[in-house]
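Data first, discussion second: the structure below is written as structure tokens.
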């Protein structure tokens, strides 16, 4: 394992843990932004430049901001008085730990680790664009439709209810 | 070069953290953040498999992740809008108190 | 001779890198580029502050700074010293960690964004395929920084300023990106270097800048308006509107952190002006064919200074907008206009070159401009403006 | 390739642009919207005429007569076969329909400027109308079933929008919904047929230099296979597509939406629900006629799909005509008459081929548009009164309307020699007479023709003759009235301001009436047996004038018979309604006095709506209730059952424990009962608990996979 991977993994995991355990919601959101940035860096390490930048643009630039807005709109910016974890948190923790254990065992046991990455291929943005406009044109259109629907849906759901 | 297992372990750990958060936190927004983390873990998986897979020039992993990012953005928008709507109605974002669908 | 001068810095770097062992060369090269960026642009920042203060002073009928050094040109040095020696005050209720990180998060992306811009022929610090996307992705992080600063200060005004800033930046990011899309579409590449190379030719003495096409002109104007809003400058300076919310999100900052905010804003402004130059003004290319002898990086900085001067002029001239005007302008004018402009660029691409193409494309730009403008001005009957004291 | 063929898309593009621009215009810009729509339509008409000329000049018959322009639309996947291609087609059928649709549309646009002048949503109306015209013209020029379907759905959408134009009237909103949903049933079948066709032939282009789905090679594959009942695949596809036409053209049993569609403004009824859109179904069948009529070589006789088309048409023709006899609403009578005439067209297609059905389609478009616009003029003049019993004597007040309406009525009835309806209907009856399968279509068609003459006579006598029974200022019409006159509240438009008697309509409304009346007469002469120009034109041959063909015994007899039938119908109408007009609106109908039971059956449209309400809506409701009960029983019941069973078991074991075994088991029993409690708490409404279950399931699944791989 290269040093850069270990550093990035450590940052990502630490910020993810922080995002899930910190008391203050805004801190959680900021830690989440760091996780996203760390993942983007990992994508860059895996030669997926375009996805990495898209990840930063969408997640750090939009989703994190959206979450921050939601926190402020639901008055989550004050630290909660009661416990931040639900009453039966132990069960959830155990389940999550078990999921990780099972997955880890499976990864350890599989022969996938023997795979060797092919020599670094450079993916140009043009190739991705060509692919999106030909082979994946239908999914692209569907995602466009979905985003439009989500836009309208989000606006309608969050709209102030008319006083009856 | 880091072996594939490293990325897979990292991704499954992120997934587990996200799951733990979604299962244990009281606040609905945090649950959503947990789900968001799980999605990202899955994306990392796709990219890793794409990079280590037999023919990376097919770009399948990248395209899938691009679509997944798009869908996740939509999901976050709608999810947060739902939480805001619920907050307006019940004055709380605590998922333990949202149980009017109780059977 | 001119070529030597043009490639002076490139060759210098190659010469310096040559001393290092082979496996270290790429790292050394990057470090040299970064060091150059870190040296040049803060210096530029110092020059620009004095320029801005003097220029605003002249516009507002006063002298501006004139005490430190000859004609006051050492004022930035004095400012810097003052910022460094002042006490760093942090409110007691503030969230210390976030309060500390926020200025850093603002400054670092601004410098990162500079790295993809080709400052001269072969002088981009990093030349990546998805450079424009990188620029916008990095720029998105500044929104988070602004929020961090506003929220962690635990001050109503700073939170208000932060929310205003985020709303404004998100709204204007859309036309900003859409107006750049025209160029990206036309060149068929996201790489800034390629985009500049696409504009290198000359017809007669006129360059092949995208500015000199109907869609390019419209795109440039849209881009500059959005860029002004993105860098929170007047007339879009609501987030820090002094008369309303004192200083917006950096109200609770003092000393060096305040200076960092200032630096971050100016570097951000340079970066976005640099992008505008790259996209529409031909980057480092000379404006007229017989001027190609002058080194390319000088042209870049000349263009940068003209754009900054334009922004200073705008700041001295226009009054601040209201929040609803700001949003209406973004969504009802800028966005449709940018979308129409994409269509115009496509039309331009598919038509035969000639006068007819010019006429049709100009018409397609000007028509919606008037239509949308009338739509925006609808229902507002403004009285004739009278000046009480100006005469 | 001719310029017009390549640029055929301009014809629908013009109204489309007009629709888009007027959608952007503000509501008060009435002049702008109407002039834009009319100008674009005029442009479309000019282009259509050029196209018609091109089709006229183009020699060749059969498939050689088609001038096509195909291009790639977009790509699925990488191979050449994955390109989706569309295109346009100019042949004689297209040319005739183009001219008809753009001409009638233009007249109706002009008429609408007068009729809708006071409506506050004037611009919106013209936007929808232009959009409709664009879709309809697009449908006509389409050379791909896919493009056809897209435009088909678009006309359906505009029909919905225009029926519900006065959407604040609940009846209009309901009618719009009904029309949309009912036609959707047919469209589903159409879509299925289309998918099937694509699966079989791999193309949806009609003509593509030998590779299109209507051309020989494709037809050969389609007829080579059979499906159920020894029906060929071509027959199956044809029937499915025909079902789409049934929905759109209001054939039995999907006719229910068309009469209700009269809730829309009258120009809409004239344009969409009489002249063009409903005829699109007939046009569809004519377009895919090679598929519908295709039969394998070993098959002798008429293709089964054609038989179905004929019988549906015949039944519709008679069925709707009987209903029309008992209706009182002026527009409803015309609506049922439209349904009936569409039935005639289908029957014509079935028994005689494309030319016969299309001839009636064209003539019908003109005189039915004329009748509807005349009705609109009457309604306008009577200040939104629609009940024919409340009219009467309008001949004196509205002379132009009366004259043109009478011409339209006589054309519809088929008064001999001088009216177009006679020739086209006679053509259908003639072919029905020659039909080899059965004589019944001929008899029923003749009966339908008789009924047509009868109810039209009844209507005209009620409306235009006798004494004026109009009570202006009655409150019943006032609601609609305020709607039509700009939606102003009634106080701003008091009834005292209304003229005390009905008045003639403005010139913008009467002028189209006159033009249409002229065409209702003239059009008949292009398809007489003596000079069958129209039929020959569609078949690509040259027609010759031959008066002696009129005198052939068979033709002559048939003409005599149908004339007699028409005159009996008109005479009976006059006998019952013309001799003595009814005194007041509440008087019982003559027929009602004779046979009230049958008359009520007819007036209530054979209770079809009620049957549908009971059958489909009711059954659906029952089914939903059954589902709810099942849900209660299975979902809740099962969970509770398990819980109760376990609680019960634990209770029994506890009792047994207490009494038989020592207290050591108590703890165990307690555990079981808590477990049962947990089981019933599975559904506690908390999101996180559900998520937990998913997590556990994930673990189990992965473990199962692990062990499964090993074993």
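Quick look at the values:
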read-out: Among C:152, C:234, C:29: highest mean-square fluctuation, GNM of chain C, C-alpha pairs under 10 Å; value: C:29
read-out: Mean shadow area of the protein assembly as shown, taken as a quarter of the surface of its Cα convex hull (nm²); value: 71.3 nm²
read-out: Value in Å of the Kirkwood radius, where the stretch B:3-90 supplies the Cα pairs that are averaged; value: 14.2 Å
read-out: Convex hull per residue volume in Å³, alpha carbons only, for chain A; value: 192 Å³
read-out: Highest-fluctuation residue, B:39, B:14, B:23 considered, GNM on chain B with Cα pairs under 10 Å; value: B:23
read-out: Relative contact order of the stretch D:518-644, pairs being alpha-carbon contacts under 8 Å that are 6 or more residues apart, as %; value: 9 percent
read-out: Largest to smallest principal axis extent of the C-alpha atoms in the stretch C:86-373, angstrom; value: 67, 43, 32
read-out: Crossing angle, helix D:399-413 versus chain D [Cα axis fit, 0-90 degrees, rounded to tens]; value: 70 degrees
read-out: Residues D:627, D:213, D:382, sorted so that the one with the fewest Cβ neighbours within 10 Å comes first; value: D:627, D:382, D:213
read-out: The stretch D:181-299: C-alpha pair distances exceeding 18 Å, %; value: 54 percent
read-out: The stretch A:1-79: mean projected area of Cα convex hull, nm²; value: 5.0 nm²
read-out: Equivalent ellipsoid, the stretch D:296-407 (semi-axes from 5 times Cα gyration tensor eigenvalues, Å); value: 36, 15, 8
read-out: Projected-area mean, the stretch D:522-622, by convex hull of Cα positions, square nanometres; value: 13.2 nm²
read-out: Equivalent ellipsoid dimensions for the stretch C:35-75 as semi-axes, Å, which come from the Cα gyration tensor, largest first; value: 24, 12, 4
read-out: Theoretical gain in end-to-end length, residue C:349 to residue C:206 [0.36 nm per residue, Cα-Cα removed]; value: 49.5 nm
read-out: Relative contact order (%) - criterion: Cα under 8 Å, at least six apart; region: chain D; value: 11 percent
read-out: Residue C:28/residue C:306 FRET efficiency (R0 30 Å; Cβ-Cβ; nearest 0.05); value: 0.30
read-out: Base-10 log of normalised Debye intensity for the stretch C:192-305 (one unit scatterer per alpha-carbon) at q = 0.21 Å⁻¹; value: -1.09
read-out: Exposure proxy order (Cβ contacts within 10 Å, fewest to most) of D:277, D:116, D:346; value: D:116, D:277, D:346
read-out: Principal-axis tilt of helix D:354-381 within chain D, Cα atoms, nearest 10 degrees; value: 90 degrees
read-out: Rough spin-label spacing in nm, given labels placed 7 Å along Cα→Cβ, for residue C:256 and residue D:396; value: 10.5 nm
read-out: Ordering of C:350-356, D:135-141, A:12-18, C:14-20 by burial proxy (mean other Cβ atoms within 10 Å per residue, highest first); value: D:135-141, A:12-18, C:14-20, C:350-356
read-out: Semi-axes of the equivalent ellipsoid for chain D, Cα gyration tensor, largest first, Å; value: 54, 35, 27
read-out: Residue D:584 paired with residue C:363, simple spin-label distance in nm, labels 7 Å along Cα-to-beta-carbon; value: 6.6 nm
read-out: Efficiency of FRET from Cβ geometry, residue D:329 and residue D:521, R₀ 30 Å, rounded to 0.05; value: 0.60
read-out: 4 °C / 1.567 mPa s Stokes-Einstein diffusion coefficient of the stretch D:21-178, Kirkwood radius on C-alpha pairs, µm²/s; value: 74 µm²/s
read-out: Distance between modelled label sites at residue D:610 and residue D:120, nm, 7 Å Cα→Cβ extension; value: 3.9 nm
read-out: Whole-number percent relative contact order across chain C, with pairs defined as alpha carbons under 8 Å at least 6 apart; value: 21 percent
read-out: Label-zone membership for the stretch A:25-46, site residue A:13, 7 angstrom Cα→C-beta point, backbone N under 20 Å; value: A:31-46
read-out: Which of A:123, D:276 has the fewest Cβ neighbours within 10 Å, and the rest in rising order; value: A:123, D:276
read-out: Theoretical FRET efficiency, 1/(1+(r/R0)^6), r = Cβ-Cβ of residue D:439 and residue D:651, R0 60 Å, to 0.05; value: 0.15
read-out: Gaussian network model of chain B, Cα within-10 Å springs - most flexible of B:55, B:40, B:27; value: B:55
read-out: Fully extended contour minus Cα-Cα distance, from residue D:9 to residue D:700, at 0.36 nm per residue; value: 242.8 nm
read-out: Extent along principal axes [Cα atoms of the stretch C:80-127; Å; largest to smallest]; value: 50, 25, 8
read-out: Nearest 10 degrees, 0 to 90: helix D:330-352 Cα axis against chain D principal axis; value: 90 degrees
read-out: Residue-averaged [θ]222 nm for the protein assembly as shown, counting only DSSP H segments that reach four residues, each worth -39500 (n - 2.57); value: -22000 deg cm²/dmol
read-out: Translational diffusion coefficient (Stokes-Einstein; Kirkwood radius from C-alpha pairs) of the stretch A:122-164 at 37 °C, 0.692 mPa s, in µm²/s; value: 256 µm²/s
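The numbers here are math on the coordinates, done by the rules we state, and not lab data. Just so you know, these numbers come straight off a predicted model, no measurement behind them. Note: ideal-geometry Cβ built from the backbone for every residue, glycine included; neighbour counts use all protein chains shown.
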